[in-house]
Every structure is written in C-alpha cells, then in structure tokens.
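In what follows, a structure is listed as structure tokens, so that the remarks can point back to it.
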Amino acid sequence: MKPENRAESEKSGDRQSQRELTRTEGSSNKALELSDDEKVLMNILKGSSPIDLNELKGQTGLSNKKWDKAIKGLTKNKVARVEKTDAGLFVSLV
C-alpha cells in the first residue's frame, strides 16, 4: 500500500471510531425521550406490571400501527420487556 493511501485509510478509520464513540456517549448521556404513546403504555405498566399483552393493548386504545411502534420503542430502549410463558404473553417494566 502506498504511504498516501495508508494515511488516508488511517484517517477514515479514525473518523469511524470517533463516530462510534460519539454515538455511544450520546446515548448514555441523554435522558430517554418517550413519545406520547409510549408514555401511555408506561403509565399503565407502572400501575400493573406484568400485564397480559392483549389486556395492555386494549387498555391503551391505540391503533395497531401506534401500538406496534410504542411497544417496540419501549423494548428497544430496555424500558419494558415482553415475555412468553405458558400462560401467554406478558409485558413488564425492566
């Protein structure tokens, strides 16, 4: 590899590691921002956790699309967890 190519490769590697560092730092320093739909789910879960998934969905009154987006947001951010047991699917706070 030519010296100028090697230097360019090192620069791009530095940029990538810097981006990764920024990404991880940013996520740990920021307060978690919840959407209105996620807040509705959280309030119900605070009152009764764990709760049957279908019962929770019924209590929220959200459309399928909004429900899906809200529950995925909470599980992705490790705020809530969906567990499958012999009794069914249950959602609980983490």
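The values are calculated or read from the model by the stated rules, or taken from the named source; none is laboratory data. Bear in mind the structure is a predicted one, so any value in this text is a computation, not a measurement. Glycine also receives a Cβ, built like all others from the backbone with ideal geometry; neighbour counts cover every protein chain displayed.
Residues that are modelled with pLDDT under 95, on the phi < 0 side of the Ramachandran plot and touching a Gly at 6+ places or on another chain (Cβ under 8 Å): does region 15-34 have at least one? Within region 15-34, one or more residues are modelled with pLDDT under 95, on the phi < 0 side of the Ramachandran plot and touching a Gly at 6+ places or on another chain (Cβ under 8 Å).
Residues of region 72-82 that are without any contact (Cβ under 8 Å) to a residue 40 or more places away in the chain, surrounded by 12 or more Cβ atoms within 10 Å (Cβ to Cβ) and not in a helix (DSSP H, G or I): Ala80, Arg81, Val82.
Within region 34-58, which residues are in a helix (DSSP H, G or I) and small (Gly, Ala, Ser)? The answer is Gly47, Gly58. Checked against the criterion of being part of a strand (DSSP E or B), without any contact (Cβ under 8 Å) to a residue 60 or more places away in the chain and buried (at least 17 other Cβ atoms within 10 Å of the Cβ), region 59-71 contains not a single residue that satisfies it.
Here Gly47 meets each of (1) surrounded by 10 or more Cβ atoms within 10 Å (Cβ to Cβ); (2) at pLDDT 50 or above with one exception, condition (1).
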